[in-house]
1. Modelled label-to-label distance, S70 and A55, 7 Å Cα→beta-carbon offset: nm?
2. With +1 on the Cβ of every Lys and Arg and -1 on the Cβ of every Asp and Glu, and nothing else charged, how large is the dipole of segment 54-282 about its Cα centre, in debye rounded to the nearest 20?
3. Given R₀ = 35 Å, what would the calculated FRET efficiency be for V77 paired with H163, taking r from the Cβ atoms and rounding to 0.05?
4. Please work out the Cα center distance from segment 226-246 to segment 36-57, rounded to the nearest Å.
5. If each residue of separation counts as 0.36 nm, what is the full-extension length gain between R13 and R120 once their alpha-carbon separation is subtracted?
6. Whole-Hz ³J(HN,Hα) for each residue in segment 183-200, computed from phi via Karplus 6.51 cos²θ - 1.76 cosθ + 1.60 with θ = phi - 60°, x for glycine and proline: what do you get?
7. How many nm separate the modelled label positions at R128 and C43, each set 7 Å beyond the Cα in the direction of the Cβ?
Amino acid sequence: MLRTIESEIEDIRNRGLLRSTRLISSRQSAHVTCNGNDVLLLCSNNYLGLADHPALVAASIAAAQQYGTSSGASRLVSGTMELHERLESSVADFKNSEAALLFNSGYAANTGIIPALIGRGDVVFSDRLNHASIIDGILLSGARLVRYPHNDYLQLALLMEKHAKGRCLIVSDGVFSMDGDIAPLAELVRLKHKYGALLMVDDAHGCGVLGKQGRGSAELLGVGSEVDVQMGTFGKALGSFGAYAAVSAELRELLINRARSFIFSTSLPPSVLAASLAAVELVQTPEGDLLREQLSANTLFFRDSLANAGFRIPAGSTQIVPILVGSAATTMQFSEALLAEGLFAQGIRPPTVPAGTSRLRFTLMATHTHSDLADAVERISHVGRALGVV
Ligand SMILES: Cc1ncc(COP(=O)(O)O)c(C=O)c1O
């Protein structure tokens, strides 16, 4: 029987997996107006609060006034403007890499970079919990996919011994987006050398937050120079939009010629580039250090308080703090009840996470106050007890 659109939506609804958007009608600050109500925002990736920072807003306005609103074309046509090159050289300085290349989003970066690096006859070793955009990049590449258990480098070593053939790529999130833990990058570097593989790290959630001056997870773990592709995004801690690959000059040239999401898409507009430039500068100043200290203090307090209240929180140390619930339906009830209490936290269900591991994913910001978070913990505990989660 022909599957109708209506029956497909009904099926998603019946499985408790129907998704919808919520409307924010304020700036993306620690408190936002969501569906008309003031709520504490606990599910934004705007970790340092830069999305409404005056320096980024001013840079963005000035760039629109000077250069207009659009780049008008893809980079290889007439869409390479001064600001693209300035941002690339600023990212390369920041990441201590030979070169950098911009992409229009993290999703576009992963789906462009991976098929540019590997193809049919090659093998990609990918952490089971890698982000969906990495998985889509792998599917587009046509390379053979070998998934390894989450962060299990001993299993990865066995799998590489068995399957490494042709050009090989190891790819991992730096900070896992739904679990908040950090990849064992030193071990991945060791394996990359042993098997002559390339190593790519998606640092969407580490960039701006981890390591000296926010240079990311590879910097934190002392292996920045050993990672072939450090991909990061401007749309999270950096408060802007878009993504970059910090790479060698040679890899940059390959990506310019092979990454289809780079070649066949209009490039980032001036106002976005200027905001990203301001953000990359700002995270390297004492103000950036202060914001990271505030984020880290908020993270510690929130993680400890929820654990003491009896919630199940996967091991981790970053600003992404999931409470494991299990059932998708209870997770969504939890999220709805918190919203009624003035707390905006997203429930995360399959297919974003494996079945049976639905969770509430809280994300912290440097701009949350201590009393915001103390009050939130009380409300979360109250609702959690009422729903039998704790
Ligand atoms: C680990 C990871 N990689 C890539 C992306 C995609 O980045 P963007 O939102 O810039 O497309 C995200 C975020 O959504 C992410 O969490």
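Please treat every number below as a calculation from the coordinates, not as lab data. Since the structure is predicted, the reported quantities are computational estimates derived from the model, not experimental observations. Ideal geometry is used to build each Cβ from the backbone, glycine not excepted, and the neighbour counts take in all protein chains shown.
1. With each label placed 7 Å out from Cα toward Cβ, I get 3.2 nm.
2. 540 debye
3. 0.30
4. 19 Å
5. Length difference between fully extended and current span is 34.8 nm.
6. Once rounded to whole Hz, the list reads 5, x, 5, 4, 6, 5, 5, 4, 5, 4, 5, 4, 9, x, 8, 8, 10, 10.
7. 2.6 nm
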